Every structure is written in structure tokens, then in C-alpha cells.
Amino acid sequence: MQPLRLRFIEDMRLAGLTARTQEAYVHAVARLVTWVGEPPLRITEEDVRRHFLYLTGERKVARSTATIALCAIKRFFEDTLGRVWTTLDLARPAPETKLPVVLSREEVAAILSLVRIPVYRACLATIYACGLRLMEGAHLRLSDIDASRMAVRVRGKGNHDRVVPLPEAILSMLRALWRTHRSPIWLFPAPTRHGTSWSIAHDAGPLNRSSLQSAFRRALGRSGVHKAAHVHTLRHSWATHLLEDGVPLRAIQSYLGHSSPRTTALYTHLTTRVHDAAWGPLNALAECVTLDPSRDDEPTA
């Protein structure tokens, strides 16, 4: 491994960045180096400026992609190389607000019922019923379940723990699933394919991100639900459904692990109650401008 790359990774470890974030940042810096065509120590501030103009102007990358590139390059040059450049403060992508896709309760049930492999189906059901992120659900351990308190301990972003209520139906499902594999560590050990059948080894590791996403996508495709949904959509849907049922926003914020109530408040824009309250006024406004299509009035001068 190249010395600068190793130093960059070590600096990120010291800062407490996750392995996935480290990987994304290393790739972002590598793309910069490839685009400029010079080794990192010979890259100038003007090179970085032109790179961000290329990303946002020519390639028109998504805001999330530009943000990752900015954070990675800023951390590499400022923390690892000790260079402080004004360009890295100017290249910040413009803020945007996108409402997440939300599935109805019926759509969630329809999709999950079509997940064929039991361990995937159980994991996705737990992710929905507890409002978890994908890897929070996939890497749940037996020791995370507190049956006496009907709760599950979740290790979230930045290694911040939180406690989420565990529905009785989910606990019963998890117990039934565990009896099929009896893993001493993982709630959702990865299955192994044997021809047309699947089995789970006693010492198997946990489910991985790509296999769980693939299981969800296949079920979504068979369900007839035409929404751009993915596994994280289950978390958005869970929060929206709780809000519709009157659960306080502060409680939902705690369950989701959001540090700011502003993040959780996004779901208030997605509830059917908000839209239902607007239907009466909207219909009244529309009636004022709607013409009978059978009329053929002569225009007047």
C-alpha cells in the first residue's frame, strides 16, 4: 500500500470514520488523482478547483456524490497533507431537500411476502418493524435482543447506541428463525446455496448489504409496486406510519437515532393525514376553474 494512502486511512481511523466511509473517501481521492494525472503531492489548488467544476458542470453528478468528493478531498489535503485551500470552502454543493419514497402498509406487506428466503424475509421485516438502517438490521446479534424489556439495542451511525421497541410479533418470528439455524452470534446469518435450495451453517457470518438489497429488489419487481423503493425505504415508511398513528415526533426521533428533530420533521410532509386535510380545499379550488367539456361556448371579444 502506498505510504500516503496508508497515512490517509490511518488518519480516518483515528477520526472514527467507518470502514465504508473510509473506502468511499479513498476512491474519491483516487478519482481526483486519476483525473489530474499527477501524484497527490504535485496536485495544486487550481487542479482541485477544476476537478469540482468538472464534477458539477460537465458530469453533473448528484449532490451526494459531490459532497462525498468534497469531504474526502478536504480531509485528505487538510488533515493528511496539511494544506488549507480556500477552494475547499467554496466547492460546497448547493443544499437541496428531497422527500423520500414512502410505501403504504399494504405495499410493505406485499413486497415482504414475496421474499423467498426466510432469513432475508425476517431481516427485512425486522428492519421495517424497528425502523433500522440496512446494516443495523443485517448485523444484529443475539445479545442485542432484550426480551424482558421487549427492546432491541442498535449500534447506529458513529457507533451511537440506541434502544428501539421490539414488537411481540417480531420477537416470536426471530425465535422461530433462530431455531432453524441456532447461530451462537448472529440473528441473521448468511445462507449458502446448494443447487436450488438454501441452508445456513452454524458458524456463518451475518448477511451482507448487496445480498439483502438484491432480495428486496427481486421481491419489489414481482410485487407490482411501481415505486423507486429500496431497503432504506422501509425505514422511511415505518417513521411515516408511526407519525400517522399519532406517535410523538420526539419519540420517533429517538427511535431513528436522529440527532436533530429537523431531520425527523421531514416525515410530517409525507403523512396521508397531511394530504387528506388538504383535499377539501383543493377540490373547492379546482371546481372554480373547471369547465364542462361538453360545452362549446363561442368566445367573446
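The values are calculated or read from the model by the stated rules, or taken from the named source; none is laboratory data. What you are looking at is a predicted structure, and each value in this text was computed from that prediction instead of being measured. Methodologically, a virtual Cβ is constructed for each residue, glycine included, from the backbone with ideal geometry; neighbour enumeration extends over all protein chains shown. In case anyone asks, the SASA skips ligands and DNA or RNA and just uses the protein heavy atoms, side chains included. Shrake-Rupley method; radii C 1.70, N 1.55, O 1.52, S 1.80 Å.
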With respect to D79, determine if the residue is of a type outside the set (S, T, N, Q), assigned to a helix (DSSP H, G or I) and modelled with pLDDT under 90.
-> no
Among the residues of region 156-164, is any aliphatic (A, V, I, L, M), under 17 Å from the mean Cα position of the chain (by Cα) and either open to solvent by less than 20 Å² (accessible area, probe 1.4 Å) or on the phi < 0 side of the Ramachandran plot (or both)?
-> no
Quick check: anything in region 256-266 modelled with pLDDT of 85 or more and either among the polar types (S, T, N, Q) or crowded, with 19+ Cβ neighbours inside 10 Å (or both)?
-> yes
Are there any pairs with C-beta distances below 9 angstrom linking a residue in region 99-114 that is in contact (Cβ under 8 Å) with a residue 24 or more places away in the chain and under 12 Å from T240 (Cβ atoms) to a residue that is exposed (fewer than 14 other Cβ atoms within 10 Å of the Cβ) and among the small types (G, A, S), with the two at least 6 apart or on different chains, and if so which?
-> V101/A228
Can you tell me which residue in region 64-96 is surrounded by the most Cβ atoms within 10 Å (Cβ to Cβ), limited to those that are closer than 17 Å to A24 by Cα and out of contact with any helix residue (DSSP H, G or I) (no Cβ under 9 Å at 6 or more places or on another chain)?
-> T67
So which residues in region 198-254 are of a type in the set (G, A, S) and in contact (Cβ under 8 Å) with a residue 24 or more places away in the chain, if there are any at all?
-> S211, A215, A219, S223, G224, A228, A229, S237, A239, S254
Hey, L99 open to solvent by 20 Å² or more (accessible area, probe 1.4 Å) and more than 18 Å from the chain's Cα centre (by Cα) or not | no
Residues (touching a residue at least 24 places away in the same chain (Cβ under 8 Å) and either hydroxyl-bearing (S, T, Y) or open to solvent by less than 40 Å² (accessible area, probe 1.4 Å) (or both)) located in region 1-17 = F8, D11, M12
Could you pull out the residue among A125, A138, A110, A151 that is surrounded by 15 or more Cβ atoms within 10 Å (Cβ to Cβ), within 20 Å of S237 (Cβ to Cβ) and in contact with a Pro (Cβ under 7 Å, 6 or more places away or on another chain)?
-> A138
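At pLDDT 90 or above, over 18 Å from the mean Cα position of the chain (by Cα), assigned to a helix (DSSP H, G or I) and farther than 21 Å from R162 by Cα: which single residue out of R222, R273, R217 fits that description?
Numbers: R273 fails: at pLDDT 90 or above; R217 fails: over 18 Å from the mean Cα position of the chain (by Cα).
R222 is the lone residue from the list that is at pLDDT 90 or above, over 18 Å from the mean Cα position of the chain (by Cα), assigned to a helix (DSSP H, G or I) and farther than 21 Å from R162 by Cα.
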Mind checking whether some residue in region 10-25 is in a helix (DSSP H, G or I) and in contact with a Phe, Trp or Tyr (Cβ under 6 Å, 6 or more places away or on another chain)?
-> no
Per the list (1) hydroxyl-bearing (S, T, Y); (2) touching a residue at least 12 places away in the same chain (Cβ under 8 Å); (3) surrounded by fewer than 16 Cβ atoms within 10 Å (Cβ to Cβ); (4) farther than 30 Å from T233 by Cα, residue check on T34 breaks on (2)
Only residues in region 61-74 that are free of Cβ contacts under 8 Å to residues at least 24 places away in the same chain count as the first member; pair them with residues that are of a type outside the set (D, E, K, R) and outside any helix (DSSP H, G or I), Cβ under 6 angstrom, at least 6 apart or cross-chain, and list the lot.
-> L70/A91
Note on region 147-163: residues free of Cβ contacts under 8 Å to residues at least 24 places away in the same chain, of a type outside the set (A, V, I, L, M), outside any loop (DSSP other than H, G, I, E, B) and within 22 Å of M173 (Cβ to Cβ) are R153, R155
